[in-house]
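*Asks:* Once you've had a glance at the structure underneath, I'll fire off some questions.
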There are 2 protein chains.
Amino acid sequence: MSDVTDRRERLREKLVEVAEAAIAEGGLAAVKARPLAEAAGCAVGAIYNVFPDLDGLILAVNVRTLEALDQAMTEVGGRFPDDPERHLQALGAAYLGFAAAQTRRWRALFEHRLPEGYAVPDWYTDRLDTIFRHLRDPFAALFPDRPASERIEMARALFAGAHGIVALGLDGKLGAVDAPVIAARIRFLVRAVLAGA
Amino acid sequence: MSDVTDRRERLREKLVEVAEAAIAEGGLAAVKARPLAEAAGCAVGAIYNVFPDLDGLILAVNVRTLEALDQAMTEVGGRFPDDPERHLQALGAAYLGFAAAQTRRWRALFEHRLPEGYAVPDWYTDRLDTIFRHLRDPFAALFPDRPASERIEMARALFAGAHGIVALGLDGKLGAVDAPVIAARIRFLVRAVLAGA
DNA sequence: ATAGCCTCTTGAACGACGTTCAAGAGTGCG
DNA sequence: CGCACTCTTGAACGTCGTTCAAGAGGCTAT
């Protein structure tokens, strides 16, 4: 029994690893059953013993990406304990840095759509929430007198705004731009939001 | 000759129309050769006489969507000739309104990725630029003393930021929300950016 | 030790997809 | 009326995600 569980767990791990490499190499479109099976050293059917379908596998890869993103944002966390604005600026830069360095993995987070009627698992939304929480403390420090709900809305607006700048910037839609320009836009947005709030 | 051109043009029109309906109904995933051919009353192969592939057809649909979006943003244009901030607020509301009302068509604009090495046509980027230009005049009125390049960057940051709020909001990622909450975030972002700039 | 059971694994098979292309239909011109 | 040429057709091809009958392999009870 534990032997079987081990095999299963190892295969799961291997598949996520291989799928992650495929995404990093060729985006979501590169997640294909037969090549994955070959790279993982199993039969095509074996994938479906471990994941319900390829969407489930992609979800598992994406949650890993979220963990990596969370780590990148955690690393800038302790650096500005008494300067919330610089902290937020650093978070913005970290977000852009991650997206620019791991563009295809990061893009898979938003490009991937669950099929109709596929419920997003809790462990996924929880992860997303964890990412977002990095903004909570700086906003609390900056606006201690405002109600928490208002601060949360401001934080969401800023996060989504920065995300939009990165998304459109890296897409090259709205004119091709390079990372420094995108970084400047984020800095402007953060500063403006804090100054205007 | 003109007869043939007419047939061709009519088929093209019909296909775009049918593909647009398919996207509005079931998103990009619903753009499939055989159903489209059936709905348009032609053979599957006929699609490829008019478009290089389905991506070309989707591009044609998307440029139509951009035209509709442009129209929605143009309509709010003349309403606040002497209040640039309200003009910008109205543009943000119009963008959200369009995206909320035509979610699948709007989403197709960003969800669709050209295959590797497929160049985005000029008539497409031109259209995108036209959309963005709506922000130019209000920013020029608000910050007449700043260099135009700086104003453009501010406008791009605000546009992308608002887009991010709409995108994450309608996705339901980062917590499910309804349109009024998204609208409030955009209002906050616009006000903050203008106040902070 | 071994027989029996049950789960895991396999890869051929299925239907649907985008795209192609040989063959047929249709059109305009001499 | 016949020729040449283009447009149109849908069967066919390769690939996709997914399924499932059949075989392999290990665990338990005797």
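The values are calculated or read from the model by the stated rules, or taken from the named source; none is laboratory data. Not measured: the values here are computed from a predicted model. Glycine gets a Cβ as well: all are built from the backbone with ideal geometry, and neighbour counts include every protein chain shown.
*Asks:* Does A:Asp83 satisfy the condition of being at pLDDT 95 or above, of a type outside the set (Gly, Ala, Ser) and buried (at least 17 other Cβ atoms within 10 Å of the Cβ)?
*Replies:* Criteria not met by A:Asp83.
*Asks:* Okay, next question. Conditions first: (1) within 14 Å of DNA strand D (Cβ to nearest atom); (2) in contact with a His (Cβ under 8 Å, 6 or more places away or on another chain). B:Asn62 passes all but one, so which condition is the exception?
*Replies:* For B:Asn62, the exception is condition (1).
*Asks:* Could you grab me the full set of residues in the range A:141-165 that are charged (D, E, K, R) and farther than 13 Å from B:Leu174 by Cα?
*Replies:* A:Asp145, A:Arg146, A:Glu150, A:Arg151
*Asks:* May I ask you to list the residues in the range A:3-33 that are surrounded by 17 or more Cβ atoms within 10 Å (Cβ to Cβ) and in contact (Cβ under 8 Å) with a residue 24 or more places away in the chain?
*Replies:* The answer is A:Leu11, A:Arg12, A:Leu15, A:Val16, A:Ala19, A:Glu20, A:Ile23, A:Gly27, A:Leu28, A:Val31.
*Asks:* While we're here: Show the residue pairs that are 6+ apart or on different chains and have beta-carbon atoms under 8 Å apart, the first residue being within the range B:99-113 and in the same structural domain as B:Leu128 (by TED's automatic domain parsing), the second being aromatic (Phe, Trp, Tyr) and buried (at least 16 other Cβ atoms within 10 Å of the Cβ).
*Replies:* B:Ala99/B:Trp106; B:Trp106/B:Phe98
*Asks:* In addition: Can you tell me which residues in the range A:34-79 are acidic (Asp, Glu), closer than 19 Å to A:His112 by Cβ and either out of contact with any helix residue (DSSP H, G or I) (no Cβ under 6 Å at 6 or more places or on another chain) or free of Cβ contacts under 8 Å to residues at least 12 places away in the same chain (or both)?
*Replies:* If the condition is that a residue be acidic (Asp, Glu), closer than 19 Å to A:His112 by Cβ and either out of contact with any helix residue (DSSP H, G or I) (no Cβ under 6 Å at 6 or more places or on another chain) or free of Cβ contacts under 8 Å to residues at least 12 places away in the same chain (or both), then A:Asp53, A:Asp55, A:Glu67 are the ones that fit.
*Asks:* Could you list, in sequence order, all residues of the range A:16-59 that are more than 10 Å from DNA strand D (Cβ to nearest atom) and β-branched (Val, Ile, Thr)?
*Replies:* A:Val16, A:Val18, A:Ile23, A:Val50
*Asks:* Can you tell me which residues in the range B:68-94 are touching a His at 6+ places or on another chain (Cβ under 8 Å) and within 17 Å of B:Ala192 (Cβ to Cβ)?
*Replies:* B:Leu91
*Asks:* Of all residues in the range A:163-173, which are without any contact (Cβ under 8 Å) to a residue 12 or more places away in the chain and either of a type outside the set (Gly, Ala, Ser) or more than 7 Å from chain B (Cβ to nearest Cβ) (or both)?
*Replies:* A:Leu168, A:Asp171, A:Gly172, A:Lys173
*Asks:* Among the residues in the range B:140-162, are any over 30 Å from A:Thr130 (Cα atoms), more than 9 Å from every other protein chain (Cβ to nearest Cβ) and either touching a residue at least 60 places away in the same chain (Cβ under 8 Å) or among the acidic types (Asp, Glu) (or both)?
*Replies:* Yes, there is a match, as at least one residue in the range B:140-162 is over 30 Å from A:Thr130 (Cα atoms), more than 9 Å from every other protein chain (Cβ to nearest Cβ) and either touching a residue at least 60 places away in the same chain (Cβ under 8 Å) or among the acidic types (Asp, Glu) (or both).
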